[in-house]
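Down below is the structure, laid out as structure tokens.
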Amino acid sequence: MSNRKLPDTSHAANKAATEEMRRTHYGKIISALKVLGSGIYEQIADYCGMDKHQVGRRLSEMEGLQLVWKPGAKKPTKSNRMAYVYQLTGDSQPKTENEAVAYRKDVKNAADYASGIINSKSGSFSVQNT
């Protein structure tokens with residue numbers, strides 16, 4: 001891994017970030033994730049009313065402290081770049097909807113969804129009413 005030389009402004013900003021400020025930011029991010037369930041740094045920042053760069057830095061720190069984790073999903077940012085989804089560490093199941101495994105909302109249960117796939121001949125979805 002290469003050692004990047006960070007600009008003086010980055011070092012100054014890090015020194016200015018007090019533990020109290022970091023704890024306040026952590027609290028805001030944790031509160032946001034309790035409501036949102038999961039989200040990318042931009043969504044969390046919008047919810048908290050914080051700068052997205054601050055949230056990104058805090059999420060990185062919080063991941064190191066094992067307060068948050070990345071379940072593996074990615075979502076597009078406002079600029080259409082992909083960003084990792086974060087959620088609180090105690091939440092063991094990803095709360096982002098994976099399109100490959102998510103069942104349709106108009107289906108009553110997983111059995112109906114599976115029956116629809118099995119009974120489908122054209123590849124389109126149909127539900128058998130019983």
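The values are calculated or read from the model by the stated rules, or taken from the named source; none is laboratory data. Since the model is a prediction, treat every value here as computed from it, not as a measurement. Because the Cβ atoms are built from the backbone with ideal geometry, glycine has one as well, and the counts that use them run over all protein chains shown. The accessibility values were calculated without ligands, DNA or RNA, using every heavy atom of the protein model including side chains. Shrake-Rupley method; radii C 1.70, N 1.55, O 1.52, S 1.80 Å.
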On the accessible surface of the range 6-58, probed at 1.4 Å with all protein chains in place, carbon and sulfur together account for a percent value of 52 percent
Packing-ranked peptide list from 10-21, 72-83, 56-67, highest mean Cβ count within 10 angstrom first, is 56-67, 72-83, 10-21
Result for the range 2-85: accessible area per residue, probe 1.4 angstrom, in square angstrom, of 67 Å²
